[in-house]
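Report on the following structure.
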2 protein chains.
Amino acid sequence: MSRPTRYDRDAALDAAMLVFWEKGFHATSLKDLETALDMKPGSIYGAFSSKENLYLLALDRYFKRSVARFRAHMADTPSPLTGLAEHLRGFARMTQDNTSRQVCMLTRTLIDTTATNPEIAARTKQYLADVRHAFAEGFEHAKAMGELPSHTDCAVLARRFQGSVSALRFELHLGTDQADMTSLAEELARDIEALRIRAT
Amino acid sequence: MSRPTRYDRDAALDAAMLVFWEKGFHATSLKDLETALDMKPGSIYGAFSSKENLYLLALDRYFKRSVARFRAHMADTPSPLTGLAEHLRGFARMTQDNTSRQVCMLTRTLIDTTATNPEIAARTKQYLADVRHAFAEGFEHAKAMGELPSHTDCAVLARRFQGSVSALRFELHLGTDQADMTSLAEELARDIEALRIRAT
DNA sequence: ATATTTGTTGAGCGAACGCTCATTAACTGC
DNA sequence: GCAGTTAATGAGCGTTCGCTCAACAAATAT
């Protein structure tokens with residue numbers, strides 16, 4: 001019974017994520033969303049309740065996808081420490097891909113909404129903490145495999161790592177060229193690898 | 001001749017800088033500015049032409065003040081390398097000061113305006129490059145004083161240094177507590193000091 | 001005093017904002 | 001076919017947006 005939906009919810013959320021990621025919460029208008037989702041205002045509200053709620057759904061998508069990608073990458077790398085270093089080098093390879101030439105959406109959101117949308121900001125802080133936790137797990141894994149000294153504070157390393165990721169994404173956003181991106185990523189990656197215990 | 005202005009242009013620009021810095025370009029409304037500057041719309045437009053122009057004036061102020069502060073700090077530090085390290089440690093001491101618990105306004109602006117206000121974004125990119133140049137000068141000075149190897153690439157160090165500053169400011173924005181701020185700043189500062197040539 | 005100049009005022013402009021809802025369309029069950 | 005159910009539509013709601021301008025106020029010059 002009943003009429004089937006014309007739109008593909010998954011595709012619509014993907015599209016919403018991209019516009020929001022690119023323009024931010026405040027600069028994205030309902031008109032922008034109507035165009036991107038190819039849906040009329042009534043349908044958007046029927047499906048997603050409000051602009052803010054749609055934003056939260058898009059953000060959740062971004063978060064889950066980022067963490068999943070990171071975990072998948074770590075899962076097929078024999079050395080966790082190398083995996084972490086490679087994750088940083090990966091950003092230098094995004095130079096061509098224009099859709100990814102952007103700041104981290106979580107970073108962006110926190111900046112956009114701290115002063116104006118406490119609910120979104122609070123959720124974002126949680127996501128950022130979760131991402132940091134995933135990074136910390138990577139370092140813990142490295143420690144368990146004997147790549148790091150047993151006294152290593154993985155939480156501290158994770159915070160620094162997150163800083164490196166932010167810095168790289170910001171450089172992408174800035175438009176920094178391939179060569180500079182590569183050398184910056186390489187330096188940050190080497191810092192990670194330098195933590196490895198050398199068999200003396 | 002003629003009627004004198006009721007407002008203090010300098011104070012008004014300071015106030016504008018603070019609101020814009022806190023809320024960003026898009027989330028700051030004329031109402032917000034009327035309140036912050038204690039001026040009526042007509043006066044604001046008489047004095048500053050447009051919201052965008054006022055933003056550019058506020059941004060310019062932020063930029064000049066930041067660079068001046070950095071240069072002044074470096075000028076009264078005998079060792080440039082220590083000065084750079086101390087600059088990073090300084091951010092951990094901002095934990096109390098709520099007005100400064102924010103991302104760098106240049107970072108914020110670039111993110112806010114890249115997709116929507118090309119003119120502001122272009123100006124911001126220039127400012128960010130100028131700041132990086134000021135950092136590079138600090139490293140050059142350190143090199144000239146024999147604190148760094150003569151083959152050191154100061155431009156690369158400056159880019160990393162700017163990344164560290166961004167990371168610290170972002171942690172402030174996030175609300176990271178005093179202890180974590182101090183340890184993060186300390187680590188980043190030590191990385192700078194570790195570059196120093198050791199008298200062997 | 002008066003003329004001139006310039007700053008201040010705030011009601012209100014047109015446009016855009018996020019959002020709603022009566023109406024219409026497309027399906028299923030009988 | 002028709003009744004029942006749910007999705008899609010888009011004109012248009014009330015509000016707020018950035019901004020203007022005719023009227024007024026406060027100074028100087030003569």
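Measuring from each Cβ of chain B to the axis that turns chain B onto chain A, the shortest distance belongs to B:H26, 2 (residue, then whole Å).
Can you bin region B:79-153 into rounded, prolate or oblate? Criterion: square roots of the alpha carbon gyration tensor eigenvalues sorted a ≥ b ≥ c, rounded for a/c under 1.5, prolate for a/b above b/c, oblate for the rest. Since a/c reaches 1.5 but b/c is at least a/b, the shape of region B:79-153 is classed as oblate.
Among A:179-186, B:167-174, sorting by the average number of other beta carbon atoms lying within 10 angstrom of each residue, highest first, gives B:167-174, A:179-186. Shown in residue order for region A:89-101 are the 3J(HN,Hα) couplings computed by the Karplus curve 6.51 cos²θ - 1.76 cosθ + 1.60 at θ = phi - 60°: 4, x, 5, 5, 8, 8, 3, 6, 5, 5, 5, 9, 6 Hz (x for Gly and Pro).
Relative to the Cα centre, the charge distribution of chain B, modelled as +1 at Lys and Arg Cβ and -1 at Asp and Glu Cβ, gives a dipole magnitude of about 420 debye.
Look at the dipole of region B:77-142 built from charges on Cβ: of B:A142, B:Q126, B:V103, the Cα furthest out on the positive end belongs to B:V103. Rounded to the nearest whole Hz, the Karplus-based 3J(HN,Hα) values (6.51 cos²θ - 1.76 cosθ + 1.60, θ = phi - 60°) of region A:111-125 follow the sequence 5, 5, 10, 3, 7, 10, 9, x, 5, 4, 4, 4, 4, 4, 4, with x at glycine and proline. Taking the longest Cα principal axis of chain B as reference, the axis of helix B:9-27 is set at about 80 degrees. Look at the alpha carbon pairs under 8 Å that are at least 6 residues apart: their mean separation over the length of chain B gives a relative contact order of 25 percent. Mean residue ellipticity, 222 nm, helices only, chain A: the sum of -39500 (n - 2.57) across DSSP H runs of n ≥ 4, divided by residue count and rounded to 500, is -24500 deg cm²/dmol. The mean count of C-beta atoms from other chains within 10 Å of the C-beta of residues in A:162-168, rounded to a whole number, is 5. A 1.4 Å probe run over the protein assembly as shown, with the rest of the protein chains in place, finds 48 Å² accessible per residue.
The calculated P(r) of the protein assembly as shown, using every Cα pair and 10 Å bins from 0, goes 4, 20, 30, 26, 13, 5, 1, 0, 0 in percent. Take each peptide in B:46-54, B:81-89, count the other Cβ atoms within 10 Å of every residue, and average; sorted highest first, the result is B:81-89, B:46-54. Of the chymotrypsin sites (Phe, Trp or Tyr not before Pro) found in region B:122-165, not one falls in a DSSP loop while having at most 11 other beta-carbon atoms within 10 Å. The HN-Hα couplings worked out from phi for region B:40-45 by the Karplus form 6.51 cos²θ - 1.76 cosθ + 1.60 (θ = phi - 60°) are 7, x, x, 5, 4, 6 Hz, whole numbers, x standing for Gly and Pro. Remark: mean inter-chain Cβ contacts per residue of A:107-117 equal 5, using a 10 Å Cβ-Cβ cutoff to other protein chain atoms. Shown for A:P78: label points 7 Å from Cα along the beta-carbon vector, and their distances to the equivalent points in the other copies, 5.3 nm in ascending order. In this Cβ point-charge picture (+1 for Lys and Arg, -1 for Asp and Glu), region A:152-196 has a dipole of about 240 debye about its Cα centre.
With all pairs of different C-alpha atoms in the average, the Kirkwood value for the hydrodynamic radius of chain A is 18.4 Å. Once you compute Rg and the Kirkwood Rh from C-alpha atoms, what is the Rg to Rh ratio for region A:1-71? Over the Cα atoms of region A:1-71, Rg/Rh equals 1.00. Between this copy and the others, label points of A:R196 are 3.0 nm apart in ascending order, each placed 7 angstrom from Cα in the Cβ direction. Distance from the C-alpha centroid of region A:106-162 to that of region B:64-128: 23 Å, rounded to the whole angstrom. When each of the peptides A:105-117, B:109-121 is scored by the mean number of other C-beta atoms lying within 10 Å of its residues, the order from highest to lowest reads A:105-117, B:109-121.
The mean count of C-beta atoms from other chains within 10 Å of the C-beta of residues in B:176-186, rounded to a whole number, is 1.
Listed by chain and number, the aspartates and glutamates whose alpha-carbon sits under 19 Å from that of B:K51, ignoring those within fewer than 8 places in the same chain, are A:D112, B:D8, B:D10, B:D14, B:E22, B:D32, B:E34, B:D38, B:D60, B:D112, B:E119. Calculated FRET efficiency, B:R198 to A:T152, Cβ-Cβ distance, R0 = 30 Å: about 0.75 to the nearest 0.05. For A:S50, the distances from its label point to the matching points in the remaining copies are 3.2 nm, ordered from shortest, with each point set 7 Å beyond Cα toward Cβ.
The values are calculated or read from the model by the stated rules, or taken from the named source; none is laboratory data. Since this is a predicted model, take the numbers as computed values, not measurements. Virtual Cβ from ideal backbone geometry, glycine too; neighbours counted across all protein chains shown. For accessibility, only protein heavy atoms count, side chains too; no ligands or nucleic acids. Shrake-Rupley method; radii C 1.70, N 1.55, O 1.52, S 1.80 Å.
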